[in-house]
2 protein chains.
Amino acid sequence: MKTIIEKYGHKRVTVVEGGITRHRSIFNGLKVFAENEFSSHLLQKPEVVIIHDAVRPFVEEDIVSKVVMAAKEHGAAGAIRPLVSTVIASAADGCLDHSLERARYRASEMPQAFLFDIIYEAYQQCTDYDLDYGTECLHLALKYCKTNAKLVEGTADLWKVTYKRDLYAAESIIKDNLSQQVCVITNVKETLAQVGFLLPESLKSQIKVEAISISLSKNDSCLQNIFSGQCYNFVCVNDKRWAIQETQELVDMLEKLNIPLLCPVVLILVHLDIPENNSFSIGMEDLTTIKKFARETKKKNILVYGLLIQCKDPLLLQETVNSAAALIMALIKDRNPELIGQLLVA
Amino acid sequence: MKTIIEKYGHKRVTVVEGGITRHRSIFNGLKVFAENEFSSHLLQKPEVVIIHDAVRPFVEEDIVSKVVMAAKEHGAAGAIRPLVSTVIASAADGCLDHSLERARYRASEMPQAFLFDIIYEAYQQCTDYDLDYGTECLHLALKYCKTNAKLVEGTADLWKVTYKRDLYAAESIIKDNLSQQVCVITNVKETLAQVGFLLPESLKSQIKVEAISISLSKNDSCLQNIFSGQCYNFVCVNDKRWAIQETQELVDMLEKLNIPLLCPVVLILVHLDIPENNSFSIGMEDLTTIKKFARETKKKNILVYGLLIQCKDPLLLQETVNSAAALIMALIKDRNPELIGQLLVA
């Protein structure tokens with residue numbers, strides 16, 4: 001935990017030792033604000049505390065602010081969701097006793113918020129049985145402080161990452177979130193003008209595109225604007241075969257701005273090749289150069305792929321650019337670390 | 001629906017028109033066995049009927065058989081799961097009324113099974129309110145036939161595909177299921193002997209491998225055994241550059257056996273290249289050949305990728321084969337249709 005806080009430079013986090021049950025861990029967290037022996041320095045008592053589960057990583061700011069406002073007014077508040085399945089009670093013999101009318105009940109989710117004094121008092125009055133077998137904070141506030149929590153409708157993204165399938169879903173959601181925007185950087189050279197125009201146009205139907213057509217080194221402030229917009233995908237179109245030096249400048253800039261710290265960045269090197277005759281080929285040096293570069297940048301959490309747009313017939317350029325755009329989208333969406341350094345051909 | 005039944009050759013399926021609510025649809029399904037006007041030919045009345053949701057596609061045979069056996073004994077039975085969240089009742093003002101003790105309740109899932117006479121009688125006695133607003137079949141059996149259903153613990157894979165994240169999870173689970181086994185077919189030639197041995201060995205740490213080292217055309221019965229084992233991944237190691245004709249035979253065989261009907265098959269063409277000198281290169285014809293072939297086979301739901309194992313230094317062969325195995329695993333796991341016809345290099 002402390003490693004994570006250090007790595008990502010969090011400044012206002014205090015870590016408190018957990019207990020053997022959920023309620024005991026929360027109680028430990030509350031004590032930091034009220035009891036001297038639980039922290040090296042007593043933290044200032046807050047008006048409202050928010051309780052959340054780490055297994056609900058996709059919580060939105062909106063619902064947090066809603067439960068906090070409701071807690072200020074009602075003393076306690078929690079997010080709820082409709083039930084997905086009917087809830088039933090079983091008898092001792094393992095048979096159905098009765099089923100609940102689904103519309104009358106809700107699933108209690110997180111986050112929840114409380115006036116500090118209310119939830120702290122509730123935990124102080126708790127029995128050991130509550131602390132060992134209970135799970136619901138709203139229940140404690142009701143039982144010990146007569147506080148009927150306000151229930152706030154939450155969104156579907158409050159779901160709990162519980163099973164293996166939830167890890168799959170979480171991975172896909174994160175990849176989806178990272179695939180919302182791409183920055184296409186095109187070298188100013190005249191030979192690239194057409195591709196520099198066609199490629200962003202073709203991508204636009206699938207993703208938000210920022211197209212920049214100036215030389216990279218002169219473009220620091222423009223790029224920095226894009227970086228601060230949390231763009232995790234870059235396409236560099238160049239006429240020099242695999243302009244590693246220029247790309248290195250971009251990699252350095254991304255690294256300086258801490259962009260690849262949290263999530264992997266995809267960087268696709270696009271090269272347009274119009275063979276003079278039919279004897280087009282890819283040499284071993286090209287392959288080795290990209291692979292070596294990709295292996296190095298992967299250590300910085302930047303995934304580099306090569307893409308060759310080869311076009312014998314200018315009339316087919318649009319079609320080739322479209323298939324290049326499809327490959328770019330596939331690379332961005334998959335972010336597959338095994339395929340780095342490969343050279344795809346459109 | 002009828003298109004699906006036809007496409008996949010189902011023989012014993014009768015489609016019944018759905019109703020405007022869940023209960024009305026199920027009732028329509030039951031009527032086929034009891035009322036003449038609901039089917040062109042009255043179907044024979046079964047002892048037990050199973051009710052299931054299409055949104056729970058990963059149901060295992062085991063739980064189906066368990067609920068059927070329990071229904072035979074108890075008249076009704078249904079799968080249950082532990083509650084993931086606490087269930088609460090809200091008061092009219094949107095505040096917490098009370099919360100249920102989580103351990104005493106269960107989520108009612110599907111499949112459920114019933115003696116036909118019991119569930120049919122329950123539906124016949126149903127009120128319009130039940131049919132329009134109810135959702136729980138076990139509840140109807142209890143209310144109208146005094147049958148307390150036996151509750152059977154289900155597994156986590158009974159979950160309901162409800163939200164977008166569930167589609168992501170379902171896709172990953174299917175891909176995972178398809179990536180359990182690979183068949184490596186190596187041409188008998190001596191030049192390939194080493195790779196034909198090393199590659200399956202390297203893959204074995206990650207996936208179940210069937211290695212065959214005879215020429216494809218002489219190997220029908222052996223391959224058919226593998227096909228009947230539901231293998232969806234094939235690696236063909238050849239010394240002829242992209243032995244399209246031999247591969248076409250494999251494609252034809254897969255097609256004849258209906259393997260790619262339900263799920264896409266991955267077919268990776270591996271070529272070992274030991275350049276005489278350093279002037280190794282990939283020519284345009286190679287790229288065009290694989291791409292064209294891949295586009296054709298994609299229509300048959302077979303995804304073809306090319307993989308070149310290039311090895312200047314025999315001492316580095318093991319390392320190169322390992323990186324080829326990593327690429328093969330990535331292609332198998334992703335089954336990305338956009339990357340077909342690409343030539344990867346290990």
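The values are calculated or read from the model by the stated rules, or taken from the named source; none is laboratory data. Everything numeric in this text was worked out from a predicted model, so none of it was measured. In this analysis, Cβ positions are derived from the backbone assuming ideal geometry, glycine residues included, and neighbour counts consider all displayed protein chains. Accessible surface areas use protein heavy atoms only, side chains included; no ligands, DNA or RNA. Shrake-Rupley method; radii C 1.70, N 1.55, O 1.52, S 1.80 Å.
Using C-alpha pairs under 8 Å with a sequence gap of at least 6, the mean separation divided by the residue count of the stretch A:172-345 gives a relative contact order of 25 percent. Excluding same-chain neighbours fewer than eight residues apart, the lysines reachable from B:Lys164 by a Cα-Cα span under 18 Å are A:Lys160, A:Lys164, A:Lys175, A:Lys333, B:Lys175. All C-alpha pair distances within the protein assembly as shown, sorted into 20 Å bins from zero, spread as 14, 36, 35, 14, 0 percent across the bins.
The chymotrypsin sites (Phe, Trp or Tyr not before Pro) found in the stretch A:1-75 that occupy coil by DSSP, while having at most 14 further C-beta atoms within 10 Å, are A:Tyr8. Under the shape rule built on the C-alpha gyration tensor, where the axes satisfy a ≥ b ≥ c, the stretch A:43-190 is oblate, since a/c reaches at least 1.5 while a/b does not exceed b/c. Among the protein heavy atoms of the protein assembly as shown, carbon and sulfur supply 52% of the accessible surface, probe 1.4 Å, non-protein parts ignored.
Listed by chain and number, the aspartates and glutamates placed with their C-alpha closer than 14 angstrom to that of A:Lys256 are A:Asp220; residues fewer than eight positions away on the same chain are left out.
Of all alpha-carbon pairs in the stretch A:172-345, indicate the percentage at a distance above 25 angstrom. Of all Cα-Cα distances in the stretch A:172-345, 26 percent exceed 25 Å. Residue by residue along B:124-136, Cβ atoms of other protein chains within 10 Å of the local Cβ number 2 on average. Extension gain for B:Lys45 to B:Glu171 (0.36 nm times residue separation, less C-alpha to C-alpha distance): 41.7 nm. The packing ranking, built from the mean of other Cβ atoms within 10 Å per residue, places the peptides A:312-318, B:267-273 in the order B:267-273, A:312-318, highest first. Judged by the ratio a/c of the largest to the smallest principal axis of the C-alpha gyration tensor, chain B counts as prolate, that ratio being 1.5 or greater while a/b is larger than b/c. Note the angle between two axes, namely the Cα long axis of helix A:317-334 and the longest principal axis of the Cα atoms of chain A, as a number of degrees from 0 to 90, rounded to the nearest 10. Result, in degrees: 30. When accessible surface is computed with a 1.4 Å probe, chains A and B are found to bury approximately 6100 Å² between them, both chains counted.
For the stretch A:38-109, report the accessible area per residue in Å² (1.4 Å probe, heavy atoms, rounded to an integer).
The answer is 52 Å² per residue.
Helix B:61-74 axis versus longest C-alpha principal axis of chain B: approximately 20°, rounded to the nearest ten.
Solvent-accessible surface of the stretch A:172-345, averaged per residue with a 1.4 angstrom probe and all protein chains in place: 45 square angstrom.
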